[in-house]
Amino acid sequence: MRKIAVAMAKGGVGKTTTAVNLAHGLSMLGKNVLLVDCDTQGQTSKFLGVDPEYGLYEFITRRDKNGNFISRNEVIHSTRKNLWFLAGGIKLVELKNWLGEQAADVRQTILSTALVPQKGTLDYLIFDCAPGWDVLSVNILMAVDEVLCPVALQAPSLEGLKTFFGYLVSAQKLNSNLQLKYVLPTMFDRRTRQSFEIMKQLKKIFNKQICDPIHYNVRLSEAPAHGQTIFEYRASAVGANDYNKLIRRVMSNGNR
Ligand SMILES: Nc1ncnc2c1ncn2[C@@H]1O[C@H](COP(=O)(O)OP(=O)(O)O)[C@@H](O)[C@H]1O
Ligand SMILES: [Mg+2]
């Protein structure tokens, strides 16, 4: 099972867009995929056009809102063929409190332990992360091997990268398998010099990890309002083509 976190210390860089389209694209190729929304904003549900009753909160705590036991298999939501989903949203605030109350020696690995039984049935586990650094982010970085970091090709985005690197280094001290595997330039706009300049800088720093960029594409920004992925909304769009390239890269395990 491949375990990938789509993460970056900045909001609005295309994390959710990437997580959703990567997950759906892989599932369309016959892979069994579980997508997990780790953001209190709960945008991933909207992007998929679903509103599951249960999600990551129940998956980890194994309790419903009345405190009754609920099994993990019951809370995983089936959204498309081969694509399963654990919703995030505001309940994750309570989840973080709950995690904070657990014994210090297990607190950071609760998610990783909870996911062990899924290993046999899934090909890909994809986490759509929140921008910040907290007990839940740490749990995610303990549960994955690979990090995919979207970087918007706009001026302040390299700042977010620096912050994010700090997080990664701290997490690698606890999880030695953790690798920054993909740096994905997003919102690439041929009309701006900035896009080319940041792209050049990124290539220099991340020669191995850099992926072909995702263009700024209006269809990508329209699809969530329809609760559709780009492959459902407009499979012929530039954005769909760009995400297909990323999917091939991920399937070849990062090799170009
Ligand atoms: N390549 C793109 N071209 C145009 N709009 C995009 C692109 N990627 C993301 N968007 C839009 O930008 C906004 C932020 O993207 P999102 O994936 O939610 O970022 P994050 O999860 O990092 O906060 C959303 O409205 C999304 O539809
Ligand atoms: Mg998001």
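The values are calculated or read from the model by the stated rules, or taken from the named source; none is laboratory data. Small disclaimer: the values here were computed from a predicted structure and weren't measured. Quick reminder, even Gly has a Cβ in these numbers, built from the backbone with ideal geometry, and neighbours come from all protein chains shown. Accessible surface is based on the protein model in full, side chains and every heavy atom, while ligands, DNA and RNA are left aside. Shrake-Rupley method; radii C 1.70, N 1.55, O 1.52, S 1.80 Å.
Relative protection proxy for 226-232, 160-166, 96-102, 68-74, from highest mean packing down: 226-232, 160-166, 96-102, 68-74 (other beta-carbon atoms within 10 angstrom). Structural size metrics of the range 88-226, computed from C-alpha coordinates, are Rg and Dmax of 17.2, 53 Å. Per residue, the accessible area of the range 2-251 comes to 45 Å² when a 1.4 Å probe rolls over the protein heavy atoms.
Note on the range 73-215: antiparallel DSSP beta bridges, both residues inside, total approximately 25 percent of the bridges counted.
Summary value for the chain: 26 percent relative contact order, contacts being C-alpha pairs under 8 angstrom separated by 6+ residues.
Relative contact order, percent, of the range 53-110 when contacts are C-alpha pairs under 8 Å separated by at least 6 residues? Contact order relative to length: 34 percent. Look at where the Cα atoms of the range 9-65 and of the range 120-193 average out, and the two centres are 15 Å apart. Based on Cα contacts under 8 Å between residues 6+ apart, the range 1-108 shows a relative contact order of 28 percent. Can you work out the base-10 log of I(q)/I(0) for the chain at q = 0.10, 0.14 1/Å, using the Debye formula on its C-alpha atoms alone? Rounded to two decimals, the profile gives -0.45, -0.91. Rounded to the nearest 500, what is the chain's calculated 222 nm mean residue ellipticity when only DSSP H runs of at least 4 contribute -39500 (n - 2.57) each, over all residues? Dividing the helical sum by the residues of the chain leaves -12000 deg cm²/dmol. Mean Kyte-Doolittle of at least 0.0 and a Cα length of 18 Å or more along the axis: which whole DSSP H helices of the chain meet both? Counting only whole DSSP H runs, the qualifying helices are 15-28, 157-174.
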